[in-house]
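Asker: Mind having a look at this structure? Questions to follow.
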Amino acid sequence: MTFSKKLLIWYKKYGRKNLPWQLNRNAYTVWVSEIMLQQTQVKTVIPYYEKFMQSFADVNALANAHEDDVLHHWSGLGYYARARNLHKAAQQVRDEHCGLFPLNFDDVLALPGVGRSTAGAVLAQAEGQRHAILDGNVKRVLSRFHAVHGWTGQKKIQDQLWLFAEMHTPEKQLADYTQAIMDLGATLCRRSRPDCESCPLSDDCAALATQQVALLPTPKPKKTLPVKTVRMLLLRNDKKQILLEKRPPTGIWGGLWSLPEMPVIESVKDWCNTHYQFDINASDELPVVRHTFSHFHLDITPCVVEVNNPDQSVMEAERRVWYKACKNDRGSKAESQSLGLAAPVSSLLNRLNEE
DNA sequence: AAGTCGGGGAC
DNA sequence: GTCCCAGACTT
């Protein structure tokens, strides 16, 4: 059985058929509901839709209203450009289509605030015209059904999903099919805890077959993290011990032991002299190590420094310790169980120890 | 391709 | 707190 046929059978039993905009359905009511439902959940929209329709019963009433009045009805819904566009579009219908909501795809698409998916949804639901839709629900259903990996905002992925959407769109029962695929996405093929047991498409779902339902759709990539840089000093005494410092209790690596840090821009020799009263001859930079936190990258420039007069540093004894990195029984991992080390510090000490 | 608009729900 | 939601528009 085809995708659409299974979906339509399921819809007949379990689909939503009494939403406010499904009663007395016409292009205007469907259009208003579709705009309100952009990036907004059904439950939130319902009271707004009912009040809006009471005040603006048809497209001409909306066109002739004051923008402030339209915006007042939108207050609290968010994305207020939707309301301004809705009002402008109603005037466009009044002025360019003789007050009759257009039933031609390109004309609907030309209305401000109406994109490809919304235009398709309006004409499919109100007029039974054959158009595919691709909203958040459909993207989720199709990316799982076809195991499409990649963020759905990417053009390549979006094009692929539109092809699948077109492919599955039936020739008849467009209103029901359009509602059905959205209902499936909203009620069973949810973002979290999808109910695959109850899904009419589970037999052919590629994501389910390969245990990838939870991985799809691929989440939006996180925005580029800011990069901070720091130099970490591997201060080494004549016993080949490294100076560690205890971090403050709050903040990054709170309470853990770490290496002394200093700005990359400043002189190592001056810094050691000023902050530690250490006399050093030379220092040796190691390759930069990137450590990533949830909110930034930390590029660490490790710098090995041989200290000539380590005895000078007896200040703040509780916060500083000369530490001898050694290998434990398991091999390469440093013996650090007794001392809480920040992860990249542990890694650096290992590297130094292996040389 | 990335940024913007937004209040609210799920977790 | 984060992520996302029946997207479209601008830069």
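Asker: For residues that are part of a helix (DSSP H, G or I) and out of contact with any Lys or Arg (no Cβ under 9 Å at 6 or more places or on another chain), scanning just segment A:63-77, find the one that is farthest from DNA strand B (Cβ to nearest atom).
Answerer: Ranking the qualifying residues of segment A:63-77, first place goes to A:Asp69.
Asker: Now, a different point. Away from DNA strand C (no atom under 16 Å from the Cβ) and either open to solvent by 80 Å² or more (accessible area, probe 1.4 Å) or not hydroxyl-bearing (Ser, Thr, Tyr) (or both), is that true of A:Ile252?
Answerer: Criteria not met by A:Ile252.
Asker: Looking only at segment A:281-293, count every residue that is modelled with pLDDT under 90 and either farther than 21 Å from A:Ala343 by Cα or loosely packed, with under 14 Cβ neighbours inside 10 Å (or both) and tell me the total.
Answerer: Total satisfying the criteria: 7.
Asker: Can you name the residue in segment A:114-159 that is touching a Lys or Arg at 6+ places or on another chain (Cβ under 9 Å), over 30 Å from A:Leu100 (Cα atoms) and open to solvent by 30 Å² or more (accessible area, probe 1.4 Å) and is also farthest from DNA strand C (Cβ to nearest atom) among such residues?
Answerer: By that ranking, first place goes to A:Gln158.
Asker: Of the residues A:Phe296, A:Phe278, only one is more than 30 Å from A:Leu8 (Cβ to Cβ), within 23 Å of the chain's Cα centre (by Cα), open to solvent by less than 70 Å² (accessible area, probe 1.4 Å) and not basic (Lys, Arg); which?
Answerer: A:Phe296
Asker: Now a separate question. I'm trying to understand the selection: among the residues of segment A:41-62, which are of a type outside the set (A, V, I, L, M), part of a helix (DSSP H, G or I) and more than 9 Å from DNA strand B (Cβ to nearest atom)?
Answerer: A:Pro47, A:Tyr48, A:Tyr49, A:Glu50, A:Lys51, A:Phe52, A:Gln54, A:Ser55, A:Asn60
Asker: Could you tell me how many of the residues in segment A:13-29 are outside any loop (DSSP other than H, G, I, E, B) and either under 15 Å from A:Leu174 (Cβ atoms) or open to solvent by less than 40 Å² (accessible area, probe 1.4 Å) (or both)?
Answerer: Total meeting the criteria: 6.
Asker: Any residue at all in segment A:78-85 that's free of Cβ contacts under 8 Å to residues at least 60 places away in the same chain, outside any loop (DSSP other than H, G, I, E, B), exposed (fewer than 15 other Cβ atoms within 10 Å of the Cβ) and within 16 Å of DNA strand C (Cβ to nearest atom)?
Answerer: Yes, segment A:78-85 has at least one match.
Asker: Looking only at residues that are under 19 Å from A:Asp135 (Cα atoms) and within 13 Å of DNA strand B (Cβ to nearest atom) in segment A:190-203, which one is surrounded by the fewest Cβ atoms within 10 Å (Cβ to Cβ)?
Answerer: Filtering first and then ranking leaves A:Ser192.
Asker: Surrounded by 18 or more Cβ atoms within 10 Å (Cβ to Cβ), among the aliphatic types (A, V, I, L, M) and within 14 Å of DNA strand C (Cβ to nearest atom): does that describe A:Met53?
Answerer: The answer is no for A:Met53.
The values are calculated or read from the model by the stated rules, or taken from the named source; none is laboratory data. Owing to the predicted nature of the structure, the values given are computational and were not obtained by experimental measurement. Note that we place each Cβ from the backbone using ideal geometry, even for glycine, and neighbour counts take in every protein chain shown. Each accessible area value is taken on the protein alone, full model and side chains, heavy atoms only, with ligands, DNA and RNA left out. Shrake-Rupley method; radii C 1.70, N 1.55, O 1.52, S 1.80 Å.
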